[in-house]
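What follows is one structure encoded as structure tokens, with my remarks underneath.
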Amino acid sequence: MKATVLLSGGVDSTTCLALAIKKHGRENVNAVSIFYGQRHERELSSAKKIAAHYGVNFYEFDAAQVMAYSKSALMNTSTKNLEPTTYGEQVKKNPRVATYVPFRNGLMLAMAASFTDGIFDGAEAEIFIGVHQDDSALNAYADCSENFIRAMNDAVSIGTYGKLKICAPFLGKTKADIVKIGLELNVPYEFTWSCYERGEKPCGVCATCRDRAAAFAANNVEDPALKN
């Protein structure tokens, strides 16, 4: 079976790529990254480096025009400041966190499905996405929830005559669980990028930096990216 991995360049999607390669073999796996106008464009260069490390084909697509009207704090046109707090603290103030990008995962999964069905010419394939429990907790990111992924999987399967399905191996798992799996697979976390800021080094205080630090701490290891 073939596979496409949505690769952002972060911890979750990189671990997904390692799992897909283990399951299907690198020769059957493609990595796809999508530029949508995100302020942290550095994640795309990380994704390229990770794909090269694993020796898989890498494709980058542009969805920025579709996302141009988003008021999300993650957009490079946004004037909003990122909150230096956890997602849990942010949700208490606003159920829809400022870094939510409207239907982003839905758009990315649809693009990945179209790409996968085309490049593999209708063969059976899986589309890997690294959504996990922490992202869907308190409904901070509705498009990371199990209900959302299940619905998208049904749509993708129907739209591709049953040939494609979505594989979300981390549903029900925490980021700490993901790091544990990745360490066992020797995932090159030193190449990954998670921070939502534009700096050369992670800010350490945005929600995703906090989540990442907590995940490595839970596994009693130093984040390899901080050694660079």
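Values as computed for the structure displayed
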| read-out | value |
| --- | --- |
| Cα gyration tensor category, rounded, prolate or oblate, for region 117-183 with a/c compared to 1.5 | oblate |
| Long-range amide H partners of Asn57 with built H, under 5 Å | Ala31 |
| Virtual paramagnetic centre 7 Å along Cα→Cβ of Ala110, amide N under 20 Å, in region 39-81 | 60-72, 75 |
| Region 162-226-region 27-82 distance, computed between alpha-carbon centres (Å) | 16 Å |
| Cut-off under 5 Å, modelled amide H: who pairs with Phe128 long-range | Thr4, Val5, Leu6, Cys167 |
| Exceeding the 24 Å Cα-Cα cut-off - candidates Lys23/Lys180; Lys92/Lys175; Lys48/Lys227 | none |
| For the chain, calculated [θ]222 nm from helices alone, where every DSSP H run of n ≥ 4 adds -39500 (n - 2.57) | -12500 deg cm²/dmol |
| Two-site label geometry, Ala155 and Ala176: point separation in nm, points 7 Å out along Cα→Cβ | 3.4 nm |
| Student exercise, region 2-227 dipole from Lys, Arg, Asp, Glu Cβ charges, in Debye to nearest 20 | 300 debye |
| Least to most buried among His24, His53, His40, His132 (fewest other Cβ within 10 Å first) | His53, His24, His40, His132 |
| Computed E for Asn220/Leu185 - FRET, C-beta separation, R0 25 angstrom, nearest 0.05 | 0.90 |
| Axial C-alpha extent at least 18 Å, average Kyte-Doolittle at least -1.0 - helices from the chain (DSSP) | 11-24, 42-54, 104-119, 146-159 |
| Förster-model FRET efficiency, 45 Å R0, Ala142 and Ala52, C-beta, rounded to 0.05 | 0.85 |
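Read-outs throughout are calculated quantities, based only on the coordinates presented, and are distinct from any laboratory measurement. Since this is a predicted model, take the numbers as computed values, not measurements. Heads up, the Cβs are rebuilt from the backbone with ideal geometry, glycines too, and the neighbour counts pull from every protein chain shown.
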